[in-house]
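Some notes on the structure that comes next.
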Amino acid sequence: MDPLDHETMELVKSDVLSFGVLLLRLFCRTSAPEDDKSLIEWARPLMLKRKFYELLEEDSECSDMHGIYRVMAAATACTRTKPISRPYMTQVISLLKGEHFCNMQSSPSDSST
């Protein structure tokens, strides 16, 4: 593989991670950790167990739980530990539109999370 291609792929996957953090910042409770690494570490166990409602503000009234599920599924995929296991942005957008279901890891010990 061309070194430039490898560097480009790392940047792309870094942008995907940043987008996942952005989704978490937009939808998680305001008491969520301030720094990005702590936010991911706090949210990941809940996301892997699909306990998305525990990430939201306690008093939030969400009328579109399917939409929240799609957003949190996208955030889960975007914040996977290994960059190679993160989706491309086209896949994320497709998931957010409801056109594509993203396979989420259900085990926190899975090496691809």
> Which one of the conditions (1) part of a loop (DSSP other than H, G, I, E, B); (2) at pLDDT 90 or above; (3) open to solvent by 40 Å² or more (accessible area, probe 1.4 Å); (4) not polar (S, T, N, Q) does E99 fail to meet, given that it meets all the rest?
Replying inline: (2)
> Which one of the conditions (1) hydroxyl-bearing (S, T, Y); (2) modelled with pLDDT under 90; (3) closer than 24 Å to K37 by Cβ; (4) in a loop (DSSP other than H, G, I, E, B) does S63 fail to meet, given that it meets all the rest?
Replying inline: (3)
> Among (1) under 24 Å from S94 (Cα atoms); (2) in contact (Cβ under 8 Å) with a residue 24 or more places away in the chain; (3) polar (S, T, N, Q), which single condition is T30 missing?
Replying inline: (1)
>> Considering only residues that are open to solvent by 20 Å² or more (accessible area, probe 1.4 Å) and under 20 Å from G67 (Cα atoms), which ones fall in the stretch 31-44?
In response: R44
>> Yes or no: the stretch 18-28 includes at least one residue that is modelled with pLDDT under 95, open to solvent by less than 40 Å² (accessible area, probe 1.4 Å) and not in a helix (DSSP H, G or I).
In response: yes
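The values are calculated or read from the model by the stated rules, or taken from the named source; none is laboratory data. Just so we're clear, the structure is a prediction, and the values are computed from it rather than from any experiment. No Cβ is skipped: glycine too gets one built from the backbone with ideal geometry, and neighbour counts run over all protein chains shown. Ligands, DNA and RNA are stripped out before the accessible areas are found, and what is left, the full protein with its side chains, is counted by its heavy atoms. Shrake-Rupley method; radii C 1.70, N 1.55, O 1.52, S 1.80 Å.
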